[in-house]
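Accompanying notes for the structure given below.
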Amino acid sequence: MSKISFFIALVLVASVLVLAQPIEKRGQFNVGPNNGNSNGNSNGNFNVGSNNGNNNGNGNQGSNNGNNNGNFNIGNNNGNNNGNNNIGSNNGNNNGNFNIGNNNGNYNGNNNVGSNNGNLNGNYNFGSYNGNLNGNYNHGSYNGNKNGNYNGIKYTGWH
């Protein structure tokens with residue numbers, strides 16, 4: 001099966017699974033330890049691997065930080081440490097999802113004074129080390145979004 005066909009199938013299966021679970025669920029349906037700990041909502045679900053979707057959405061003054069990270073991965077260390085310690089809203093969401101590989105979508109959207117930083121990084125990769133370290137330590141909005149996605153190689157989307 002081609003990579004594109006595989007991802008389409010993975011997205012279809014994942015969509016059904018997402019619709020079947022309440023938004024507040026975390027750390028569900030994993031094969032491996034240490035998934036979905038110390039989080040906002042919908043982190044660390046449906047992974048085959050360890051240490052996915054941890055330490056997201058903590059210590060914020062604002063709304064909708066650190067959600068939907070580290071889901072639907074085959075690999076380790078995806079979607080961790082996103083959306084923490086922000087003064088603002090919509091930081092560190094939707095990172096490190098739908099990857100076959102390790103270390104994607106980590107350390108995004110942290111320590112910002114502003115909104116919409118560090119979102120949509122490190123998703124849909126067939127490889128490792130994509131979409132990390134985006135949208136951190138900003139005084140403003142819309143920084144470090146949409147990096148390191150849809151890659152079949154390593155070490156992309158670091159800003």
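The values are calculated or read from the model by the stated rules, or taken from the named source; none is laboratory data. What you see is a predicted model, and the numbers here were worked out from it, not measured in a lab. Glycine also receives a Cβ, built like all others from the backbone with ideal geometry; neighbour counts cover every protein chain displayed. For accessibility, only protein heavy atoms count, side chains too; no ligands or nucleic acids. Shrake-Rupley method; radii C 1.70, N 1.55, O 1.52, S 1.80 Å.
Some notes on this structure:
- In segment 34-159, the C-alpha radius of gyration followed by the widest Cα-Cα span (Dmax) gives 12.3, 36 angstrom.
- Accessible carbon and sulfur surface of segment 90-129 relative to its total accessible area, %, 1.4 Å: 55 percent
- Accessible area of segment 29-159 divided out per residue, in Å², using a probe of 1.4 angstrom: 39 Å²
- Protection-proxy order for peptides 113-122, 88-97, 31-40, each taking the mean of Cβ atoms within 10 Å per residue, highest first: 88-97, 113-122, 31-40
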